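The values are calculated or read from the model by the stated rules, or taken from the named source; none is laboratory data. Bear in mind that the values here come from a model prediction, so they are computed numbers and not experimental data. Heads up, the Cβs are rebuilt from the backbone with ideal geometry, glycines too, and the neighbour counts pull from every protein chain shown.
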Amino acid sequence: LMWSGLHPGKSTQICPGVCEELTYEEIQENFPDEFAMRDQEKYRYRYPKGESYEDLVQRLEPVIMELERQENVLVICHQAIMRCLLSYFLDKPADELPYVRCPLHTVLKLTPVAYGCKVESFFLNIEAANTHRERPANVSISRKTEEALLTVPDNN
């Protein structure tokens, strides 16, 4: 299947808006309230001028419908898109979608089985940062910086 499913001019990843190219630490430093509000409702939250996972899921709906019609498909995509696809095929609830683990440089093979999909992971031996962030326990706007960054992966 040679088909991108996304129209020209449409981004092939989630749009972070004003936080484009910022690290988690920089977002916390420059937009602490936004960082906390995103932690409170990551699926529906949009950074200013950005896109939510909910928006992305809606944008991907025609892509998913086309994938459903195909026999064998190879999808190469950014992590946010992979989270949406995995969540759909693994029947994950919306609030879990933003926290689905999608390691970089890894081939994920999904095989349909009764009531779901079997997932096999094949890691490509390419050095990469850990970008997975667990759901934080404290999502209060009044939390301290250390608490806000507690679940940020350490890649130093």
Against the conditions (1) out of contact with any strand residue (DSSP E or B) (no Cβ under 6 Å at 6 or more places or on another chain); (2) surrounded by fewer than 19 Cβ atoms within 10 Å (Cβ to Cβ); (3) over 17 Å from Cys19 (Cβ atoms), where does Gly50 fall short? Just the number, please.
(3)
Being surrounded by 10 or more Cβ atoms within 10 Å (Cβ to Cβ), among the hydroxyl-bearing types (Ser, Thr, Tyr) and either more than 30 Å from Asn30 (Cβ to Cβ) or more than 20 Å from the chain's Cα centre (by Cα) (or both) is the filter here, so list the residues in the range 108-149 that pass it.
Ser121, Ser140, Thr145
Scanning the range 46-72 residue by residue, those of a type outside the set (A, V, I, L, M, F, W, C), farther than 17 Å from Ala94 by Cβ, in a helix (DSSP H, G or I) and free of Cβ contacts under 8 Å to residues at least 24 places away in the same chain turn out to be Glu68, Arg69
Considering (1) in a loop (DSSP other than H, G, I, E, B); (2) over 25 Å from Glu41 (Cβ atoms), say which one Lys118 fails and leave the rest.
(1)
Tell me yes or no: at least one residue of the range 29-45 is over 18 Å from the mean Cα position of the chain (by Cα), part of a loop (DSSP other than H, G, I, E, B), modelled with pLDDT of 95 or more and over 27 Å from Glu127 (Cα atoms).
yes
